[in-house]
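A short write-up of the structure that comes next.
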Amino acid sequence: GIIRGVPSDVYHARQIGIASKSALDLVHRSPAHYKAWVDGAEEEPSDALEFGSAFHTALLEPDTFATRYAVEPDFGDCRRKENKAARDAWRAEHDGAELLDATDARHIAGMVAAVHAHPLASRMIRGGEAEVTLRWIDEATGLPCKSRVDYYVPGRRLVVDAKSTRDASPEAFRKSVANFRYHVQDAFYREAFRACGAPIEHFAFIAVEKLPPYAVAVYALDPGAIARGQAAARTDLETLARCLQENTWPGYPAEIHTLDLPPWAD
């Protein structure tokens, strides 16, 4: 069903056999990567992920942003004893808060303002609810599944996903869709709402650039891209189900692969 108020750490807990978009991405890379992640393998730290999470919160949950994050002042060269002491005292006062440096905070504020100034994007994040969780059972494999959508507008049967990016142009975002499998996300979320008895009609991406002028673009995938996402998600679900049944978690193929160059290479 559709569930409100699930804490982020509860939703993101690693549990073997529960399919999510992130889990399917790991299975797609290889079942071995998925199993290592479930078993607690450390993830490579990513400033981009932390920045994106802060942006999402600022845009869609501003009250939460105000209580969760603290913007750290510039204390200067912290090799100097007095600067380091001032910084450490400030951090002690804000213990428990997630820290943003002043530059990131300025960019996030600019991005949020740009979305609210955009004639279409601003309307798409009104009248709905942020961070909605869905849980269901995949009929074909019996796997429990979960999704967590950025913004859901029930009255318009609309789901919106906000993406921070260096380049929101159509050419660049098209590559992002392929590289980050956003077409699988689109298809998987559509299936989530269908399985929970509330099918959606529209799934849109709000892409926002991280630097001035904080350009904003709104995208939706065509039926062909959605169909390819559905096929890819189905393949990943079947792979995960098979690996669970056999308790085997293969990595990359053992044989030599011959590589060609991608179409865009010189």
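Select from Gly229, Gly251, Gly40 the residue whose mean-square fluctuation is largest in a Gaussian network model of the chain (Cα-Cα springs shorter than 10 Å). For the chain, modelled as a Gaussian network with Cα springs under 10 Å, the answer is Gly40. Restricting the calculation to Cα atoms, region 90-167 shows an Rg/Rh of 1.11 when the hydrodynamic-style radius is the Kirkwood one. Residues Arg228, Arg181, Arg68, Arg123, ordered by accessible area of protein heavy atoms at a 1.4 angstrom probe radius and largest first, appear as Arg228, Arg123, Arg68, Arg181.
Largest to smallest in accessible area, the residues Leu158, Leu26 fall in the order Leu26, Leu158 (1.4 Å probe, all protein chains included). A Gaussian network model of the chain, with springs between Cα atoms under 10 Å, assigns the largest mean-square fluctuation among Ala162, Ala36, Ala85 to Ala85. When you count the other C-beta atoms within 10 angstrom of each residue and take the mean per peptide, 77-84, 259-266 line up highest first as 77-84, 259-266. Given +1 at the Cβ of Lys and Arg, -1 at the Cβ of Asp and Glu and no other charges, the dipole of the chain around its Cα centre is 600 debye to the nearest 20. Only protein atoms count toward the accessible area here, which uses a 1.4 Å probe; on region 101-215, the carbon and sulfur part of that area reaches 54 percent.
Over all other residues within a Cβ to Cβ distance under 10 Å of Thr133, the charged ones net out to +3, with Lys and Arg as +1 and Asp and Glu as -1. Return a single number: how many Lys pairs in the chain, at a sequence separation of 8 or more or on separate chains, have alpha-carbon atoms below 30 angstrom apart. The result is 15. The order of the peptides 29-35, 185-191 by mean Cβ neighbours within 10 Å, most packed first, is 185-191, 29-35. When the chain is described by a simple charge dipole with +1 on each Lys and Arg Cβ and -1 on each Asp and Glu Cβ, the residue from Met124, Thr235, His12 located farthest towards its positive end is Met124.
Among Leu158, Ala215, Ala187, whose Cα sits farthest toward the positive end of the charge dipole of region 138-225 (+1 at Cβ of Lys/Arg, -1 at Cβ of Asp/Glu, about the Cα centre)? Projecting each Cα onto the dipole axis, the largest value belongs to Ala215. Solvent-accessible surface of the chain, taken per residue with a 1.4 Å probe and all protein chains present: 57 Å².
The values are calculated or read from the model by the stated rules, or taken from the named source; none is laboratory data. Quick caveat, the model's predicted, so the values are computed rather than measured. A quick note on method: Cβ atoms are made from the backbone with ideal geometry, for glycine too, and the neighbour counts reach across all protein chains shown. Note: areas computed on protein heavy atoms with side chains; ligands, DNA, RNA excluded. Shrake-Rupley method; radii C 1.70, N 1.55, O 1.52, S 1.80 Å.
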